[in-house]
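Read the structure below first, then the notes.
The values are calculated or read from the model by the stated rules, or taken from the named source; none is laboratory data. For clarity, every value in this text was computed on a predicted model and none was experimentally measured. For neighbour counting, all protein chains shown are included, and Cβ atoms are generated from backbone atoms with ideal geometry for every residue, glycine included.
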């Protein structure tokens, strides 16, 4: 960690070398320190060691703009709405909750994971999420409990990313999801069919039965 005023004055050879090396050290460490560099310059980088934040000076040289936060041995880019995000191209990864949270682009402090829920036509599921406020993100997926419509038992279907793709089918399919600071409410359509989507194996339209899947819900805040 080093900082420098970036003013190398007229001096003897040894002092000049020390001053120059100090300036170069400040450059390669991004002016790291617990206090902001002095003086500051437009577009200057500063690693704020007190808060583990990488900052850049704005063009008017009037304020610092946060670029990223140090996270262990890596960096998390900073977003304008004061959230730190790590993104991947796989937005429907059905791995762990931590993986889903990272892939969806937001780092949250609290999470909820339901157990498998039975979907009954016309039924209402009320799930107490236990989060400190309204969920900022809710994710639904289903796990096949029967071998049907091209699915094998244990196959996972991301309902958040799945679109009811075919028209002209019976109405009242799908789910309606609402929430508040205490619960997530999932109303099942009165149709016993959950979704009309391409068959997993053939690609032809198929109506999935609610009874052939258990529903899982994740929520983050």
**Prompt:** Would you call residue 58 modelled with pLDDT of 85 or more and in contact with a strand residue (DSSP E or B) (Cβ under 6 Å, 6 or more places away or on another chain)?
**Reply:** yes
Here the residues within the stretch 8-32 that are in contact with a helix residue (DSSP H, G or I) (Cβ under 9 Å, 6 or more places away or on another chain) and either exposed (fewer than 13 other Cβ atoms within 10 Å of the Cβ) or at positive phi (or both) are 9, 10, 11
Of the residues in the stretch 33-53, those that are over 13 Å from residue 64 (Cα atoms) and within 28 Å of the chain's Cα centre (by Cα) come to 49, 50, 51, 52
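Residues are listed down the side, and each one gets a yes or a no for (1) in contact (Cβ under 8 Å) with a residue 12 or more places away in the chain; (2) crowded, with 20+ Cβ neighbours inside 10 Å:
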site: 179; (1), (2): yes, no
site: 194; (1), (2): yes, yes
site: 203; (1), (2): no, no
site: 207; (1), (2): yes, no
site: 216; (1), (2): yes, no
site: 219; (1), (2): yes, yes
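Can you tell me which residue among 194, 127 is part of a strand (DSSP E or B) and at pLDDT 90 or above? Show your work before the answer.
Values: 194 fails: at pLDDT 90 or above.
Answer to the selection: 127.
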